[in-house]
1. Residues with amide H under 5 Å of Lys138's amide H, sequence separation 5 or more or different chain, H placed in the peptide plane at 1.01 Å from N; which?
2. Give me Asp124, Asp90 ranked fewest to most by other Cβ atoms within 10 Å of their Cβ, as a rough exposure proxy.
3. Once fully extended, how much extra length lies between Thr179 and Asp84, figured as 0.36 nm per residue of separation less the alpha-carbon to alpha-carbon distance?
4. Give me Arg154, Arg117 ranked fewest to most by other Cβ atoms within 10 Å of their Cβ, as a rough exposure proxy.
5. HN-Hα J couplings of segment 98-115 from phi, Karplus 6.51/-1.76/1.60, θ = phi - 60°, integer Hz, Gly and Pro as x?
6. What nm distance separates the two modelled labels at Lys167 and Trp112, each placed 7 Å from Cα along Cα→Cβ?
7. Classify segment 82-185 as rounded, prolate or oblate from the Cα gyration tensor: take a ≥ b ≥ c as the square roots of its eigenvalues, call it rounded if a/c is under 1.5, otherwise prolate when a/b beats b/c and oblate if not.
8. List the residues, sorted by chain then number, that are 5 or more residues from Asp169 or on another chain and whose placed amide H is less than 5 Å from its amide H.
Amino acid sequence: MATVFESLTVPRSSALPSSAFSPIVTSSVSTLSGRRNSGKLPEFRGLKIRPSSATRSSGSVSPSLRLGRRRGGIVCETQETAVDVPPVTDATWQSLVLDSESPVLVEFWAPWCGPCRMIHPVIDELAKQYAGKLKCYKVNTDESPSIATRYGIRSIPTVMIFKSGEKKDAVIGAVPKSTLTTSIEKFL
């Protein structure tokens, strides 16, 4: 079942006197099945409501009131578990990729490339999955064109695997995670 949010108005705490806060949401949430659930938002995995300091002391404050207070709000917990795949530039290429003792996966990408944005989360997952066994980096071909030219990159995204300073494999395009995993496993 999918949920559609029509609108949600939450007043700022500085805009209204404290007596104006009430656990009321001014609009409703409708589901695709046509049912309405007024005043209560559905729960989502990966999100949590961070209470403000005022709501921490009194445990009986409703969630909609917490959203209206300062320093409170909805926080995405997945950011805390994300692995940041660092960039490689012309200056760091030799030390990070070619001189690495472990296998290295390098994604060649550009900010304007739609398929590159599709494969970024896959590369992030692989970096987390193979942490300690494989190093993962990203090369922005607009900022480091000499690296892309040196390895004959004609299409992005291109994912290359290096081992002992040598290019071992290349996968071109936004491919499924399983394709990249198969390629990685050959060199671990």
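1. Val88, Glu107
2. Working: Asp124 16, Asp90 13.
By the 10 Å Cβ count, ascending, the order reads Asp90, Asp124.
3. Values: separation 95, 0.36 × 95 = 34.20 nm, distance 2.14 nm.
Result for the pair: 32.1 nm of gain on full extension.
4. Working: Arg154 8, Arg117 13.
Neighbour counts put them in this order, fewest first: Arg154, Arg117.
5. Whole-Hz 3J(HN,Hα) from phi for segment 98-115: 6, 8, 6, 7, 9, x, 10, 9, 10, 9, 8, 8, 8, x, 8, 8, x, x.
6. Spacing of the two 7 Å Cα→Cβ label points: 2.3 nm.
7. rounded
8. Residues meeting the criterion, in which the H sits 1.01 Å from N, are Ile161.
Since every read-out is calculated from the coordinates, none of them should be taken as a lab result. What you are looking at is a predicted structure, and each value in this text was computed from that prediction instead of being measured. For neighbour counting, all protein chains shown are included, and Cβ atoms are generated from backbone atoms with ideal geometry for every residue, glycine included.
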